[in-house]
1. In the range 11-244, what percentage of the DSSP-assigned beta bridges are antiparallel, given to the nearest 5?
2. Would you please give the residues with an amide H less than 5 Å from that of V142, counting only those at least 5 places away or on a separate chain, with H modeled from the backbone geometry?
3. Work out which helices of the chain, taken as complete DSSP H runs, extend at least 20 Å along their axis over the Cα atoms and score a mean Kyte-Doolittle of 0.0 or more, then list them.
4. Give the residue from A232, N93, L149 lying farthest towards the positive end of the charge dipole for the chain; charges sit on Cβ (+1 for Lys and Arg, -1 for Asp and Glu) and the dipole is referred to the Cα centre.
5. From the residues P103, G216, S18, which one has its Cα farthest along the dipole of the range 11-244 in the positive direction, the dipole being from +1 and -1 charges on Cβ of Lys/Arg and Asp/Glu about the Cα centre?
6. Place a +1 charge on the Cβ of each Lys and Arg in the chain and a -1 charge on the Cβ of each Asp and Glu, then give the dipole magnitude about the Cα centre in debye, rounded to the nearest 20.
7. For the range 1-53 and the range 160-227, what is the separation of their Cα centres, given in Å?
8. Can you find, among Y176, Q204, A163, the residue sitting farthest towards the positive end of the charge dipole of the chain, where Lys and Arg contribute +1 and Asp and Glu -1 at Cβ?
Amino acid sequence: MSNVFDLSGRKAVITGASRGIGAAIAQLFLEHGAEVAICHVADHQNAEAFQNRVRSRGLELHASECDVSDPAAVNRFCTWAQERLGQVDIVVNSAGVGGGDRPFAMTDDQDWDRIIGINLRGTMLVTRAFFAGMLERQYGRVINVASQLAYKGAPGLAHYCAAKAGVVGFTRALAYEGAPHNVMVNAIAPGPVDTDLLRNHSAQWLEAKKAQLPVGRFGQVDEIAPTALLLASSAGAFYAGQTLSPNGGDVML
Ligand code: NAP
């Protein structure tokens with residue numbers, strides 16, 4: 001049997017991939033033969049350190065800066081990525097920010113627009129830059145990183161939960177348009193994963209959260225990335241509009 005997870009010859013763009021879940025996905029895609037271009041928004045040191053780690057293993061990673069909520073920056077990034085890679089076969093929208101536990105009554109327009117702008121609008125902007133080309137070539141994979149909070153909600157995170165539920169709906173709607181052209185659009189809804197995003201919460205919040213999880217621990221990025229590999233590779237060719245949930249049992253659908 002051929003390796004159904006092989007990505008040789010495939011070109012992937014992964015947003016928010018200088019650290020955390022996006023970086024783990026980029027690393028796994030590279031290890032499976034894909035050529036990869038990533039973006040991050042601000043932390044150059046992290047991005048450079050990641051690039052150096054990859055290079056020390058004999059692999060090459062294209063990296064650039066882009067705020068995915070800014071249409072002009074997304075246009076520049078997507079043009080840059082296409083110049084580096086040629087056609088783009090796989091898009092992973094992993095760029096995201098958490099909400100900061102602010103009660104809804106204290107949430108102003110700026111908070112709301114920032115969280116929706118990065119988590120939902122950014123996903124739309126980057127996908128749109130590559131979707132038409134995928135339809136034309138009759139091949140593509142779009143993988144959007146949502147969250148289990150899209151289903152269960154959480155106090156103080158109305159904007160984040162709304163954004164991630166929007167990502168799930170966007171994924172389903174786009175899957176109808178893509179699937180007839182072999183462009184498969186799916187999402188991943190991780191449970192709590194040990195990254196900087198989670199570390200922004202208080203120790204008390206983290207302990208309470210952990211106690212609620214059937215597995216009794218947070219996930220590791222390496223436990224999320226294989227789901228993206230499944231959806232990006234020929235192993236995932238029959239998934240359309242699905243949201244897969246590596247979540248430690250946080251939500252059971
Ligand atoms: P993370 O460790 O905080 O990493 C976030 C990444 O996104 C970094 O590379 C960051 O770049 C980049 N980024 C942030 N804002 C951006 C922007 N405006 N434009 C482009 N890139 C931006 O986060 P993570 O935990 O890996 O989260 C990745 C995705 O998983 C997010 O969509 C998040 O909502 C989702 N998720 C996470 C968890 C969790 O528990 N960790 C659970 C469910 C879902 P810089 O380094 O330059 O800031």
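The values are calculated or read from the model by the stated rules, or taken from the named source; none is laboratory data. Every value quoted in this text rests on a predicted model; they were computed, and no experiment measured them. We place every Cβ from the backbone using ideal geometry, glycine too, and count neighbours over all the protein chains shown. Please note that ligands, DNA and RNA were not included when accessible areas were found on the heavy atoms of the full protein model with its side chains. Shrake-Rupley method; radii C 1.70, N 1.55, O 1.52, S 1.80 Å.
1. 0
2. V91, M184, V185, N186
3. Once both thresholds are applied, what remains is 122-137, 158-178.
4. Of the options given, the answer is A232.
5. Positive-most Cα among the choices belongs to G216.
6. 340
7. Their Cα centres are 18 Å away from one another.
8. Working it through, the farthest residue towards the positive pole turns out to be Y176.
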